[in-house]
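All remarks here apply to the structure that follows.
The numbers here are math on the coordinates, done by the rules we state, and not lab data. These numbers come from a predicted model, not from an experiment. Reconstructed Cβ throughout: ideal geometry from the backbone, glycine too, with neighbour counts over all protein chains shown.
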Amino acid sequence: MPFGRGERTDMVLVIAEQRDGVLNNASWEALVAAQQMGGPVRVAVAGADLGAVGTELAAADVESVLTVDHPDLAAYTPDGFVAAFAAVVADAAPDLVFLAHTYQTREFAPRLAARLGRPFIADCVGVGSRNDRPAFVRPMFQGKFVADVAPTGPAPHFVSFQIGAFRPDALKRGAAPAPVAAFPVTIEPGTIRQEVEAPFQEAKQAVDLTQAERIVAVGRGIKGQEHLKIVESLAAALGAEVAASRPICDSGWLPMDRQIGSSGQTVAPKLYLALGISGAIQHLVGMKGSRTIVAVNKDAEAPIFEVADYGIVGDLFDVVPAIIAALDA
Amino acid sequence: MERETLEVDVLVVGGGPAGLSAAIRLARLQQQEGGDPLAVAVLEKSRQSGSHMLSGAVLDPSGLDALLPDWKERGAPVETPVRDDRIYYLTAKSRFRAPITPPPLRNHGNYVISLNRFVRWLAEQAEAEGVDVFTGFAGTEVLYEGDRVVGVRTGDRGLDKEGRPKGAFEPGVDIRAAVTIFADGVRGNLTKSLVRRHGLDAAAPQTYAIGIKELWQIPPEREAPGTVVHTLGYPLRHEEFGGGFIYVLPEGRVAIGLVVGLDYRDPRFDPHMAFQRFKQHPLVAGLLAGGEMTRYGAKALPEGGWYAIPRCHLDGALIVGDAAGFLNSMRLKGIHLAMHSGIHAADAAFAAVRAGDVSAAQLVRYRELINHGGIRRELYPVRNVHQAFGAGLAAGTAVAGLAWLTNGRWPARPLSSEPGHERLASLAGYYPGGPADPDTPSNAVKVDRALTFDKLTNVHYSGTRHDEDQPVHLLVRDTDICRTRCREEYGNPCVRFCPANVYEMVDDGTGNGRRLQINASNCVHCKTCDIMDPYQIIDWVPPEGGGGPEYEGM
């Protein structure tokens, strides 16, 4: 199907990500970023048996959904995805290609951009404009500065967005489902040089904190592993996930996949409750995008209070039981 | 376990100025002389070339002139000539400008550079000459045939905290070479093992300093690019050797740093705190007011000079750059000497490979080139200066002056020297008046997170990153000493001399003591702990390749 091109505004192609028929939440965030550009938006997704995923994506206010269905794409491989999306991008001729900055994107998107000889601006946190051209906001120097990066040269330009930079609930839904079209691809034998083995999980209880709506995070103020119980009760009362700052996971009190910060997860839940966390910058960069931050700390000068919306100066061993009691009441 | 093997003619371990100069020189020799193709590979532990490079830096371009005379046409990032050169002696509140800049510190003809950018550019030149630069791979073990060095083994990737293979485990690769050039930097882990195994020790033990540096962004009109300021005195006392520097780069970028000899006596002294005090001095605070700190880093430097350089040639191997100690501490410069040593090593290695003889008897050519060239001419006359500073600032200045006046004829023999860590006094010895709080630095300042920072915040701006789930790369042979003897005798000085908050003494949970906690992923690869630990029980080994600081623009 030949795609027309908008006369004035840039057309954005969003590459969504799915696994076993389940869409990655961050793909909605990339769609929100695309909608903010104000021009036509299309979305493409690759895999096998994509019927349900296509229908799900069609609910968004987009021009069309492309499903790139092929048995060789059932399991993700960088070679397979580069080949498939190179064909999609060549055919759709978008001005911009947006992706969520997932692990998968980190692997195949640079190769895809290099294959097409186009720039890739990775891990952006916002969209804007510079001299009437789109520009993308990108943190530099560990978040000390943000730079507006304006791509130059022939289109398309590839851009990926940090998880949590846009809110999936800001997605504009269409009045009617968008048309879903299958994009036929041929994958020549020998294209895929990787052999896919059965997926394995490094951690026993892998948890994806980036998808949590509420997080109760605990830091050194908890003093001992045996005190984690009260944090877990508070999390249960709030329907929240438990997370921690580095020292807690480093001591092995909580698994590493619950660590928030520069060497752990970056999260942006609706509620982030920080208990006994001083707020080292390494932790702040992983949670400062949260909508509401509540901090409990004994030290009134702790840097966590600089980012908190609500702060309680006090001992978490007094404050937490009181919150639990209030929630139970 | 299956291990891959790669064969090259010359392997360079370490992609800094010395290693890359050696690699470029080898490639060019091959082009000039012709003959069989020469396979040259460089191993570099950082993710990208230049990422672990930290220096002031003022570059004496003589090494670059010798290596790539057309460096200007090649677009070397060497663009800011030194235009103004000042020295101050500081007291807590005042400054005294030296009426003349002593000749060793005159920087006419030199350039203020970012070593990170310079080395990244050097790596590009090397790759353009056909050298394979493998970034993200650290050498962890020297390979031998008998006593002859035949290459190195790179580190395993994908081990978990307990050293068990994770899903993506890849064993290290054996890289075999006719000649291996060790350019693994100050206190390099492989050079350390070579010196031990082959007894390469020099006439005097190597002495070191730690350099701590920040990059700031200030209003560009405040100070002209190319301004170079060195300071003596405050925040250091007479018993501490070192000084501060301010180097102004274009566009309002300023490098601020403090170098402190790792032979201080006070066990409660904290070099990072001294650096905070340096920034609080009116001379520095005025320059930085309203600016922003954008980068942080720390690195040890070898200061022992000529007599501390070990034998640098052995069967199948050569040692170059900071790993060997080619640094002129009186001029505060080592990049050019590193480059010259790399060039000499390449010349010796090339001749050896072509002659089919890589024995020490053939590679001794390297020593001859050093002895007859600029390196000895520069280092020999100042061979006793650092040792004299061990006796205090006044004595050091006097010897430095005499050495310069007599062109090095006096003093003639090595002054006595001892490894820096042996000068560290015990708490009881340094504070005879009574028990000193082992947990508070004697030079503590309260940080304001605008001009002064705590170590943890600073570490963030070093960009350092390591996979958390990997074996700890700081091997402490006996952590019992930490909570018992060291706590008592020195008050755990590692907590203070580490500039990156790697070492912490935390409550051991039993309520009656403390235990050592190693935050290995904070490590900025400065090597200070390996050097300064009073019991010499810390071994720094490379973490998984690619981990470490990101000194972009430093």
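Side notes on the structure shown:
- Between B:Ala285 and B:Ser426, the contour length at 0.36 nm per residue exceeds the Cα-Cα span by 47.4 nm.
- Scanning chain A for GluC sites (Glu not before Pro) that sit in a DSSP loop and have at most 16 other Cβ atoms within 10 Å, the longest stretch containing none of them is A:8-194.
- Using θ = phi - 60° and Karplus 6.51 cos²θ - 1.76 cosθ + 1.60, couplings along region A:25-33 (whole Hz; Gly, Pro as x): 3, 5, 5, 5, 5, 5, 5, 4, 4
- Choice from A:Pro110, A:Pro151, A:Pro71 with maximal GNM fluctuation in chain A (Cα, 10 Å cutoff): A:Pro71
- Residue list for region A:259-303, given a label point 7 angstrom along the Cα-to-Cβ vector of A:Tyr103 and an amide N cut-off under 18 Å: A:259-267
- For chain B, share of DSSP beta bridges that run antiparallel, in % to the nearest 5: 70
- Pairwise centroid distance, computed over Cα atoms, of region B:298-352 with region B:452-514, Å: 31
- B:Gln31-A:Ala114 FRET efficiency (beta carbon distance; Förster radius 25 Å; 0.05 resolution): 0.25
- Global form of chain A, assessed from the alpha-carbon gyration tensor, a/c cut-off 1.5: prolate
- Using the Cβ-Cβ distance between A:Glu301 and B:Arg237 with R0 = 35 Å, the FRET efficiency computed as 1/(1 + (r/R0)^6) comes to roughly 0.70.
- Overall form of region B:415-550 per C-alpha gyration tensor (a/c, 1.5; a/b vs b/c): rounded
- For region B:24-73 versus region A:104-126, the inter-centroid distance based on Cα atoms is 31 Å.
- Here r is the Cβ-Cβ distance between B:Arg483 and B:Arg197 and R0 is 25 Å; the resulting FRET efficiency, rounded to 0.05, is 0.20.
- Antiparallel content of DSSP bridges confined to region A:1-152, in %, to 5: 45
- For a paramagnetic label modelled on A:Asp79 (point 7 Å from Cα along Cα→Cβ), amide N atoms under 19 Å away belong, within region A:32-53, to A:47-48.
- Here the label points at A:Asp309 and A:Thr292, each 7 Å from Cα along the C-beta direction, are separated by 0.6 nm in the simple model.
- Taking 15 Å as the cut-off, the amide N atoms of region A:56-75 that come nearer than this to a point 7 Å along the Cα-to-beta-carbon line of A:Leu23 belong to A:56-68.
- Label-point separation in nm, B:Val506 to B:Glu73, each point 7 Å along Cα→Cβ: 5.8
- Gained length - A:Ala86 relative to A:Glu226, 0.36 nm times residue gap less alpha-carbon distance: 45.1 nm
- Antiparallel bridges, percent of DSSP beta bridges restricted to the protein assembly as shown (to nearest 5): 50
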